[in-house]
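Peer 1: Dropping a structure here in structure tokens format, bear with me for questions.
The values are calculated or read from the model by the stated rules, or taken from the named source; none is laboratory data. A quick note: this is a predicted structure, and the numbers were derived from the prediction, not measured. Ideal geometry is used to build each Cβ from the backbone, glycine not excepted, and the neighbour counts take in all protein chains shown.
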């Protein structure tokens, strides 16, 4: 069984090479954000001046606030509406249910370039125009399918007799939902909410088409800055973003098993 | 506490008639079993009485009050589910107290009632546990305590012992019966286990294809089945088919079988006779002839030893008859042996051809 | 019988509607109506909002079919999608196999999470991080020159390979995820049974494992190919002047040239291509479900 050993060893090595490929650029970017040279020259000299100068950049700061506000609001809206829809899809049988479930996939599967430009055209046509409200509209719509898929997955593990048992004990619809169903699906709802936050906070394409110079989000602001030319400040803010979004997903993983049950 | 009356109840799902004109009277304080194969409508009937589903036509009354359009949460029933359906996010005490808590009773009242219910099912010390920390039998008791703590008018059990292993099931049968007697609640339980139905209930209703086939005390149904289905579904039976002579039937080969019980039928119509395997005596010779007894000759084709008794399969004129004999150690018949079967007309039930 | 019971008194669309309506109304306003509006606009000469006179026309589509440029760019984008997808299969499938069949227990969980974690972080920032590595005088250049005895100039920045590298980096976790899900569903005893029948490792891979994990491969390929064909930010940042693709032309129509009707027509053509691809993949995906 020496070959088996050897093959397994190769497999492990391969995974670590893949991880290096995935993480090296990110790590280098993070390191460079602490380097004195604005042209990313070596040798490396430690500084936090780029992070300090972020605080002077009003444009970045206001875009950051916009990103956070929009992410929080769209998370709340998408989680509430999405969980409600999941419950309805779980509890009731009706014609067209399959169609409604299938309709969740276009927002996920169609490239954001198409969705984003379509939103731009439509919002302009009906007078909503561009700006933070339009961005919020778009972000909630993009996050909703994720919430519904995640919460529905959790509901699949819920035994319908539990709701029946609660009703047989005299609980009304609201008591059944709040005291039996919601506690059970809560991990799914939290995971769905974290997904929604990540979708919104990291969203670039749709925000890009819907933003105006004063009303923009952090990724859009970073894109503009990159196209003007690289600066270590962008490294610094990018590093912050990537740390935040990865932390968010680690948190999500606590509530949602990506790899399925085994 | 209250009796339950079901009258002319029908319910269809699409083209499938799940319940077809079913009427049963469940007397106050009785213990009823609804017995039938899967798909017979017994669970549908239970869910109609519970109020999870409403009938297409017919009436359901609990304690004389018509409830067929009252939703489950307003019916004041208690129900125990097949897989217990204990709320996994709550402790045992919170599970049992749920029904009282949704009725907004005071915390102290709830705690007292919960303790009394848990004591009744002999789980007084386990209130703080979570459902997943309990054994199957304990979960069963918690589900029962939860169902009766609200003082429901009727207790409904859906295959309550189905998920337990054999030994535990027998314990729980006795336990369930004790608790039911103690609180005197009208109890209706669904089962496909005929032994469970026979040992536990005061009355049994047998359902088939959405219809009530027969209803009555266990002894009556066992001793006086009104259809071949009832005879073979509840216990084992040998069925003979032929033409009635008035006092029995005549088989196609001319053999007469006298029946001392069952339907009164006009001579000449098609009918059958049912005989329980344990009522038949088996011997190698004719012995002392009893002029009244039914008598048939056959050949042992197979013998199955089951400890306290043995089952003989006896071939006769294209039919295989089943005979169960207590193992007294006196006599063992070999396969292939010619035998004489004898049984009294009183053990023979005449059934109209269905 | 349980299914029949569920169709009882409480069910039906009417009772589901109050909970369903808000979510689907939102999706209608922000996704489905916009997509319809896009189709509508693609047949117009001018934006109706700009005050200018407008009328219906097929010119926008005629432009696409008559000007070789758009065709060429669409083909270039499709080729880009194909190449990136292939690289993701080549890199991602073995990784998924190792995760599903070699690693065990907690280390599997942890490494799996590490692999898919970048996927859920900001794509723009990750693309940007490659600029740091690939540019002249960047990390790759400096590191190689420090090791090698002779002087070479690595300047992959603003080139086609840079775009490929960036996109593969962005999308390979998707392939690992979908393949891992199907691979881990394959019972290990199946592999043992095959081996006990005398099949070699390679035969098992070819005749059992790859066919069984096909749904994961197809799902991953569709989920990578589709967005890559529509990518514009990645080619812009890493491709520079060589990074003109179909997606960047659409972007231009909306943010630089302001020819929205043409942009809408180009978007709609892309949508049609995407739908065809998803339709082709769906039989395999349905088999997986």
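Peer 1: Condition test on residue A:24, is it buried (at least 16 other Cβ atoms within 10 Å of the Cβ) and under 16 Å from residue A:231 (Cα atoms)?
Peer 2: In short, no.
Peer 1: Filter segment B:195-217 down to the residues that are surrounded by fewer than 19 Cβ atoms within 10 Å (Cβ to Cβ) and either in a strand (DSSP E or B) or within 13 Å of the chain's Cα centre (by Cα) (or both) and list them by number.
Peer 2: If the condition is that a residue be surrounded by fewer than 19 Cβ atoms within 10 Å (Cβ to Cβ) and either in a strand (DSSP E or B) or within 13 Å of the chain's Cα centre (by Cα) (or both), then B:195, B:198, B:199, B:202, B:211, B:216, B:217 are the ones that fit.
Peer 1: All but one of (1) in contact with a helix residue (DSSP H, G or I) (Cβ under 8 Å, 6 or more places away or on another chain); (2) within 17 Å of residue B:188 (Cβ to Cβ); (3) within 12 Å of another protein chain (Cβ to nearest Cβ) hold for residue B:46; which doesn't?
Peer 2: (1)
Peer 1: When you go through B:117, B:147 one by one, which is the residue that is under 22 Å from the mean Cα position of the chain (by Cα) and buried (at least 19 other Cβ atoms within 10 Å of the Cβ)?
Peer 2: The unique qualifying residue is B:147.
Peer 1: Now a separate question. Which residue, of C:69, C:82, C:78, C:19, is facing chain A (nearest Cβ under 9 Å), outside any strand (DSSP E or B) and either modelled with pLDDT of 90 or more or surrounded by fewer than 15 Cβ atoms within 10 Å (Cβ to Cβ) (or both)?
Peer 2: One residue alone meets the criteria, C:19.
Residue-by-condition table, conditions (1) buried (at least 24 other Cβ atoms within 10 Å of the Cβ); (2) within 10 Å of chain C (Cβ to nearest Cβ):
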| position | (1), (2) |
| --- | --- |
| A:95 | no, yes |
| A:99 | no, no |
| A:125 | no, yes |
| A:131 | no, no |
| A:137 | no, yes |
| A:151 | yes, no |
| A:154 | no, no |
| A:174 | no, no |
| A:184 | no, no |
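Peer 1: OK, next. In segment A:160-172, what count of residues is obtained for those that are within 13 Å of chain C (Cβ to nearest Cβ) and either buried (at least 18 other Cβ atoms within 10 Å of the Cβ) or more than 16 Å from residue A:86 (Cβ to Cβ) (or both)?
Peer 2: Counting residues in segment A:160-172 that are within 13 Å of chain C (Cβ to nearest Cβ) and either buried (at least 18 other Cβ atoms within 10 Å of the Cβ) or more than 16 Å from residue A:86 (Cβ to Cβ) (or both) gives 5.
Peer 1: Could you please let me know if residue B:174 is within 26 Å of residue B:119 (Cα to Cα), out of contact with any helix residue (DSSP H, G or I) (no Cβ under 8 Å at 6 or more places or on another chain) and part of a helix (DSSP H, G or I)?
Peer 2: When the stated conditions are applied, residue B:174 passes them.
Peer 1: What number goes with the only condition from (1) modelled with pLDDT of 90 or more; (2) in contact with a helix residue (DSSP H, G or I) (Cβ under 7 Å, 6 or more places away or on another chain) that residue C:49 does not pass?
Peer 2: Of the numbered conditions (1) modelled with pLDDT of 90 or more; (2) in contact with a helix residue (DSSP H, G or I) (Cβ under 7 Å, 6 or more places away or on another chain), the odd one out for residue C:49 is (1).
Peer 1: Quick one: how many residues across segment C:225-234 are closer than 19 Å to residue A:203 by Cβ and more than 9 Å from chain A (Cβ to nearest Cβ)?
Peer 2: The qualifying residues number 1.
Peer 1: Of these, C:10, C:108, C:14, which one is facing another protein chain (nearest Cβ under 9 Å), at pLDDT below 95 and closer than 28 Å to residue C:170 by Cβ?
Peer 2: Within the list C:10, C:108, C:14, the selection yields C:108.
Peer 1: Being assigned to a strand (DSSP E or B) and under 20 Å from residue B:21 (Cα atoms) is the filter here; which residues of segment B:66-82 pass it?
Peer 2: B:66
Peer 1: Moving on. Looking only at segment A:244-255, how many residues end up being in contact (Cβ under 8 Å) with a residue 12 or more places away in the chain and either more than 7 Å from chain C (Cβ to nearest Cβ) or in contact with a strand residue (DSSP E or B) (Cβ under 6 Å, 6 or more places away or on another chain) (or both)?
Peer 2: The number of residues fulfilling the criteria is 5.
Peer 1: Hey, can you tell me all the residues within segment B:274-330 that are free of Cβ contacts under 8 Å to residues at least 12 places away in the same chain and outside any strand (DSSP E or B)?
Peer 2: Those that are free of Cβ contacts under 8 Å to residues at least 12 places away in the same chain and outside any strand (DSSP E or B): B:288, B:289, B:291, B:318, B:328, B:329, B:330.
Peer 1: Here's something else I'd like to know. Would you point out which residue out of C:181, C:197 is in contact with a helix residue (DSSP H, G or I) (Cβ under 9 Å, 6 or more places away or on another chain) and either more than 15 Å from residue C:95 (Cβ to Cβ) or surrounded by 15 or more Cβ atoms within 10 Å (Cβ to Cβ) (or both)?
Peer 2: None of the other options fit; the residue is C:181.
Peer 1: Something else now. Of the conditions (1) part of a helix (DSSP H, G or I); (2) out of contact with any helix residue (DSSP H, G or I) (no Cβ under 8 Å at 6 or more places or on another chain); (3) modelled with pLDDT under 95, residue A:127 fails just one. Which one is it?
Peer 2: Failed condition: (1).
Peer 1: Please enumerate the residues belonging to segment C:249-259 that are part of a helix (DSSP H, G or I) and in contact with a helix residue (DSSP H, G or I) (Cβ under 6 Å, 6 or more places away or on another chain).
Peer 2: C:249, C:250, C:253, C:254
Peer 1: Working carefully through the options A:71, A:78, A:20, A:63, find the one that is in a helix (DSSP H, G or I), modelled with pLDDT of 90 or more and at the interface with chain C (Cβ under 9 Å from one of its Cβ atoms).
Peer 2: Answer to the check: A:78.
Peer 1: Could you please find all residues in segment B:221-243 being more than 13 Å from the chain's Cα centre (by Cα) and crowded, with 20+ Cβ neighbours inside 10 Å?
Peer 2: B:225, B:226, B:237, B:238, B:240, B:242
Peer 1: For segment C:116-133, which positions are facing another protein chain (nearest Cβ under 7 Å) and either without any contact (Cβ under 8 Å) to a residue 12 or more places away in the chain or within 30 Å of residue A:7 (Cβ to Cβ) (or both)?
Peer 2: C:116, C:117, C:118, C:120, C:121, C:122, C:125, C:129, C:132, C:133
Peer 1: Within segment B:83-103, identify whether any single residue is out of contact with any helix residue (DSSP H, G or I) (no Cβ under 8 Å at 6 or more places or on another chain), more than 14 Å from every other protein chain (Cβ to nearest Cβ) and either without any contact (Cβ under 8 Å) to a residue 12 or more places away in the chain or farther than 19 Å from residue B:175 by Cα (or both), and answer yes or no.
Peer 2: No, because not a single residue in segment B:83-103 is out of contact with any helix residue (DSSP H, G or I) (no Cβ under 8 Å at 6 or more places or on another chain), more than 14 Å from every other protein chain (Cβ to nearest Cβ) and either without any contact (Cβ under 8 Å) to a residue 12 or more places away in the chain or farther than 19 Å from residue B:175 by Cα (or both).
Peer 1: If you don't mind, another one. Does residue B:168 qualify as being in a loop (DSSP other than H, G, I, E, B) and either without any contact (Cβ under 8 Å) to a residue 60 or more places away in the chain or farther than 16 Å from residue B:82 by Cα (or both)?
Peer 2: Answer is no for this residue.
Peer 1: Right, something else. How about segment A:101-123: which of its residues are more than 7 Å from chain C (Cβ to nearest Cβ), in a helix (DSSP H, G or I) and without any contact (Cβ under 8 Å) to a residue 60 or more places away in the chain?
Peer 2: Correct list: A:101, A:102, A:105, A:108.
Peer 1: Okay, next question. Within segment A:208-216, does at least one residue satisfy the condition of being facing chain B (nearest Cβ under 9 Å), crowded, with 20+ Cβ neighbours inside 10 Å and assigned to a helix (DSSP H, G or I)?
Peer 2: The answer is no; no qualifying residue exists.
Peer 1: Here's another thing I want to ask about it. Between B:163, B:167, which is surrounded by fewer than 18 Cβ atoms within 10 Å (Cβ to Cβ) and within 14 Å of chain A (Cβ to nearest Cβ)?
Peer 2: B:163
Peer 1: Moving to a separate point now. Could you run through segment A:23-33 and say how many residues are over 15 Å from residue C:134 (Cα atoms) and in a helix (DSSP H, G or I)?
Peer 2: 2
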